[in-house]
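In what follows, a structure is listed as structure tokens, so that the remarks can point back to it.
The values are calculated or read from the model by the stated rules, or taken from the named source; none is laboratory data. If you're wondering where the values come from, they're calculated on a predicted model, not measured in any experiment. Note that we place each Cβ from the backbone using ideal geometry, even for glycine, and neighbour counts take in every protein chain shown. Side chains are part of the model used for accessible areas, which takes the heavy atoms of the whole protein and leaves out ligands, DNA and RNA. Shrake-Rupley method; radii C 1.70, N 1.55, O 1.52, S 1.80 Å.
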Amino acid sequence: FKKGDEQHSAWITLRPPTVIGQFHTLFFGSVRTFFLGVLGFAVYGNEALHFSCDPDKREINLYCYNQFRPITPQVFWALQLVTVLVPGAVFHLYAACKNIDQDEILQRPVSTVFYIISVLLRIILEVLAFWLQRQLFGFLVDPIYMCDVSALAKIFNISKCMVPEHFEKTIFLSAMYTFTIITILLCIAEIFEILFRRLGYLNQPVT
């Protein structure tokens, strides 16, 4: 039974040791991923096909779309989701190797410090993603994009391009900013929960 208990213990450590951390995992893993996977595809799935410029030539449309979108939003947000998961995954791997179950994480000073570091890294990555999203996509999507085509055309330097469904994209951007802010606040709240539990304020009496 010892081997089975160790496997069961390693499985338990996949869950965060805090209530807020478990809620964050549920929010992060279900709502945010569903929103990105389903609605994100509906909003951004065919953007490149409907992105048109004046004059409406294929090479100009492709050139201007690549200028308008250095990286597609779906790829950026997918990378954000995966990157933010890395610190927690590394910690849980450490806990599994040390055979530390969920209830023991906050009882051991070393594992508590490592877990707090993983939460702090998540905060840093979310803040960095927020800043990068602001640099790449801004807060508003304008219906008209003025594209510099001087490298392609000798007759004119600027091409006027129509951005499809710009209002829906603005709403979606606002939602993704909101998700990032919520996850940052949840991570901060989780650190306070850890500190309070370490101080004994939220510990239930042992019976």
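At-a-glance table
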quantity	calculated
Filter pass, V119 being part of a helix (DSSP H, G or I), open to solvent by 70 Å² or more (accessible area, probe 1.4 Å) and of a type in the set (A, V, I, L, M, F, W, C)	no
Selection within region 14-40 - under 13 Å from the mean Cα position of the chain (by Cα), aromatic (F, W, Y) and surrounded by 14 or more Cβ atoms within 10 Å (Cβ to Cβ)	F27, F28, F35
Whichever residue in region 90-113 is in a helix (DSSP H, G or I) and acidic (D, E) and, among such residues, is nearest to Q22 (Cα to Cα)	D103
Residue in region 178-197 that is assigned to a strand (DSSP E or B) and closer than 27 Å to L36 by Cβ present	no
Residue match in region 131-144 (condition: open to solvent by 70 Å² or more (accessible area, probe 1.4 Å), over 30 Å from F34 (Cβ atoms) and either in contact with a helix residue (DSSP H, G or I) (Cβ under 6 Å, 6 or more places away or on another chain) or among the hydroxyl-bearing types (S, T, Y) (or both))	no
